[in-house]
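Following: one structure in structure tokens, then a few remarks.
FYI, it's all coordinate maths here, none of it is from the lab. Bear in mind the structure is a predicted one, so any value in this text is a computation, not a measurement. Backbone-built Cβ (ideal geometry, glycine too); neighbour counts: all protein chains shown.
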Amino acid sequence: MLNDLPENIYSDDELREDIHPIESWGDVACMPTKAQANNRGKVLWYAKGHGWYMGNFQHPYMDNTSHWTYAPDDLGIEPDTVDTKDQAFETWIKQYPEGCFDPSTVAILKLGYFGGWRRGNT
């Protein structure tokens, strides 16, 4: 079953030990327990055609889910407020001449900027 996963998800043999195959959906021995989940009850699931996603330890929700592994604990860091993101975007967009972008382009740029914000790359 581990051969079903893309090779690039393993950086070394130690990681292989933490990736658990799901042999059968009904086999409780293959599924993670609450003790193996993070502090929010989540684990990482792997679904063919999609890749890794986070979900509750009790049961994966995507079709073709074949493996699971441990998820890091949630640190409880609150996301930045909408006002802070909007102010940062307005500051960033002001580096371009006024009227340089039409409203639809500004909307698309804002989505991309906020996408980077969520990933910590403002």
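By how many nm would the segment from GLN36 to ILE77 grow when fully extended, if each residue of separation counts as 0.36 nm and the alpha-carbon distance is taken off?
Computed gain between GLN36 and ILE77 is 12.6 nm.
Compute the Cα gyration tensor for segment 31-81, then decide on rounded, prolate or oblate, letting a ≥ b ≥ c be the square roots of its eigenvalues: rounded whenever a/c is under 1.5, prolate when a/b is larger than b/c in the other cases, and oblate in all that remain. Intermediate results must be reported in sequence, preceding the final value.
Values: a/c = 2.70, a/b = 1.46, b/c = 1.84.
Since a/c reaches 1.5 but b/c is at least a/b, the shape of segment 31-81 is classed as oblate.
Hey, fewest Cβ within 10 Å first, where do LEU75, LEU111 land in order?
Working: LEU75 6, LEU111 10.
Ranked by crowding around the Cβ, least crowded first: LEU75, LEU111.
Return the sequence-ordered ³J(HN,Hα) values of segment 46-58 in whole Hz as given by the Karplus equation 6.51 cos²θ - 1.76 cosθ + 1.60 applied to θ = phi - 60°, using x for Gly and Pro.
Along segment 46-58, the couplings run 10, 10, 4, x, 10, x, 7, 8, 9, x, 5, 5, 5 Hz.
Taking 7 Å along the Cα-to-C-beta vector as the label spot, tell me the GLU98-LEU111 distance in nanometres, rounded to one decimal.
Placing both labels 7 Å along Cα→Cβ, they lie 2.7 nm apart.
Which ordering of HIS67, HIS50 is given by a fewest-first count of other beta-carbon atoms within 10 Å? Don't skip to the end; give the middle numbers.
Numbers: HIS67 21, HIS50 12.
Least crowded to most crowded, the residues run HIS50, HIS67.
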